[in-house]
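Colleague: Please read through the structure below; I'll follow up with questions.
The values are calculated or read from the model by the stated rules, or taken from the named source; none is laboratory data. Values in this document were obtained by computation on a predicted structure and should not be read as measured data. Here Cβ is always computed from backbone atoms with ideal geometry, including for glycine, and neighbour counts include all displayed protein chains.
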Amino acid sequence: MKRRHFLIKSLQAGAITAATASAFDIPNLFANTLPSSPDLVAVKGGMPDVMFDKAIAELGGLSKFVKKGQTVVIKPNIGWDVVPENAGNTNPLLVKRIIEHCFNAGAKSVYVFDHTCDNWTSCYKTSGIERYASDAGAKVVSGANESYYQEVTIPGAKKLKEAKVHELILESDVFINVPILKDHSSSRMTSAMKNLMGVVWDRGEWHRNDLHQSITDFSAYRKPDLNIIDAYLVMKRNGPRGVSREDVVEMKSLMISTDIVAADAAAAKLFGLEPADIRYIKLAHDAKLGRMDLDKLSIKRIKI
């Protein structure tokens, strides 16, 4: 199928400001450092772009994942018409830096999209992601047209047996998943696995058909090549959209892994939960889609 490139206009300039100081306890995910070849890298204390530079270096650079001439699709959370400091969407500075690394690795094309909850043009603009991604040379594509989606069958699924998936996910060489960590009213927490809901047309089917099992089913269908969790600003309550900046904690953290279950398990710990507290993490671990037992993994922890 010929890919439809739906390019959108640049966003007006905006700045990312510091969030309200945290009154929440943050688990000590960042103590101690283990040897090389980590299963997961956790970075704390820097700006989103700087933390990504540190993290990807520990995994051998993005050229380990993106080869010359390949097409890359980056899937941030752009679901909400809110400004970056409200932490409803992935940090635009992080998205920009990932795109730059992709082109430095020799990518032919880089696409950015999400199937948003609020009006997609407003979400792309207000989040800052449209402008930052376009400035870095990416093609920012709509997820709001059903014709961009193809029906697929999900082998081995228990609940979500079929889905319409955006053609970029099906056709691109490399898939990079870039969620923001935050509270969620339906699943308690949203991070890497739940961010995949933004690559399908009918999210409602997941909610109607056992949300946690549906998240697990789809995670087995198309695993991202890399998961990069933005936890610079974290919405600790009233998610997924948030009510005010008082819901937001400045954690200045980032986690990266090829293992989507390990990434979400680490995110849960940072959020103040046990991985098993989130049913879809436990289901995915039991289905051997990844590992939630962080004490058995090699984790590189970096403080800036």
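Colleague: Going residue by residue through region 93-115, is there one that turns out to be buried (at least 23 other Cβ atoms within 10 Å of the Cβ) and of a type in the set (S, T, N, Q)?
Modeller: Taking every residue of region 93-115 in turn, none turns out to be buried (at least 23 other Cβ atoms within 10 Å of the Cβ) and of a type in the set (S, T, N, Q).
Colleague: Report every pair of residues separated by at least 6 positions or lying on different chains whose Cβ atoms are under 8 Å apart, first residue within region 52-80 and without any contact (Cβ under 8 Å) to a residue 12 or more places away in the chain and more than 14 Å from SER37 (Cα to Cα), second among the aromatic types (Phe, Trp, Tyr) and assigned to a helix (DSSP H, G or I).
Modeller: none
Colleague: Can you tell me which residue in region 168-188 is farthest from GLY242 (Cα to Cα), limited to those that are within 15 Å of the chain's Cα centre (by Cα) and surrounded by 24 or more Cβ atoms within 10 Å (Cβ to Cβ)?
Modeller: For region 168-188, the residue satisfying everything is ILE176.
Colleague: Can you run down the residue pairs with Cβ atoms below 6 Å, 6 or more apart or on separate chains, where the first is in region 183-212 and touching a residue at least 12 places away in the same chain (Cβ under 8 Å) and the partner is acidic (Asp, Glu)?
Modeller: Hits for this filter: SER191/ASP264; ALA192/ASP264; MET193/ASP264; GLY198/ASP114; TRP201/GLU146.
Colleague: Listed residues ALA157, ALA136; which is buried (at least 17 other Cβ atoms within 10 Å of the Cβ), under 25 Å from LYS67 (Cβ atoms) and aliphatic (A, V, I, L, M)?
Modeller: Details: ALA157 fails: under 25 Å from LYS67 (Cβ atoms).
Result of the check over ALA157, ALA136: ALA136.
Colleague: Something else now. Could you list all residues from region 253-304 that are within 15 Å of the chain's Cα centre (by Cα) and among the acidic types (Asp, Glu)?
Modeller: Matches in region 253-304: ASP259, ASP264.
Colleague: So, SER109, is that one of a type in the set (Ser, Thr, Tyr), at pLDDT 95 or above and within 23 Å of ARG203 (Cβ to Cβ) or not?
Modeller: So SER109 fails the test.
Colleague: Checking MET1 against (1) part of a loop (DSSP other than H, G, I, E, B); (2) at pLDDT 95 or above; (3) in contact with an Asp or Glu (Cβ under 7 Å, 6 or more places away or on another chain), which test does it fail?
Modeller: Of the numbered conditions (1) part of a loop (DSSP other than H, G, I, E, B); (2) at pLDDT 95 or above; (3) in contact with an Asp or Glu (Cβ under 7 Å, 6 or more places away or on another chain), the odd one out for MET1 is (2).
Colleague: Are any residues in region 81-99 outside any helix (DSSP H, G or I) and under 16 Å from ARG131 (Cα atoms), and if so, which ones? Before the answer, list the steps.
Modeller: At the first step, the residues of region 81-99 found to be outside any helix (DSSP H, G or I) are 81-83, 87-91.
If the condition is that a residue be outside any helix (DSSP H, G or I) and under 16 Å from ARG131 (Cα atoms), then ASP81, VAL82, VAL83, ASN89, THR90, ASN91 are the ones that fit.
Colleague: Among the residues of region 257-269, are any of a type in the set (Ser, Thr, Tyr) and in contact with a Lys or Arg (Cβ under 9 Å, 6 or more places away or on another chain)? First the steps, then the outcome.
Modeller: Going through region 257-269, the residues of a type in the set (Ser, Thr, Tyr) turn out to be 257-258.
Subsequent filtering for residues that are in contact with a Lys or Arg (Cβ under 9 Å, 6 or more places away or on another chain) retains 258.
Yes; the residues of region 257-269 include at least one that is of a type in the set (Ser, Thr, Tyr) and in contact with a Lys or Arg (Cβ under 9 Å, 6 or more places away or on another chain).
Colleague: Among the basic types (Lys, Arg) and more than 26 Å from ASP202 (Cα to Cα) - does that describe any residue in region 78-101?
Modeller: Yes, the conditions are met somewhere in region 78-101.
Colleague: Kindly check whether there is at least one residue in region 210-219 that is surrounded by 24 or more Cβ atoms within 10 Å (Cβ to Cβ) and modelled with pLDDT under 95.
Modeller: No, because not a single residue in region 210-219 is surrounded by 24 or more Cβ atoms within 10 Å (Cβ to Cβ) and modelled with pLDDT under 95.
Colleague: Residue under question is VAL72, and the condition is that it be over 27 Å from ASP247 (Cα atoms), touching a Cys at 6+ places or on another chain (Cβ under 9 Å) and at pLDDT 95 or above; does it hold?
Modeller: Yes.
Colleague: Does LYS194 satisfy the condition of being crowded, with 22+ Cβ neighbours inside 10 Å and among the charged types (D, E, K, R)?
Modeller: Values: crowded, with 22+ Cβ neighbours inside 10 Å: yes; among the charged types (D, E, K, R): yes.
So LYS194 passes the test.
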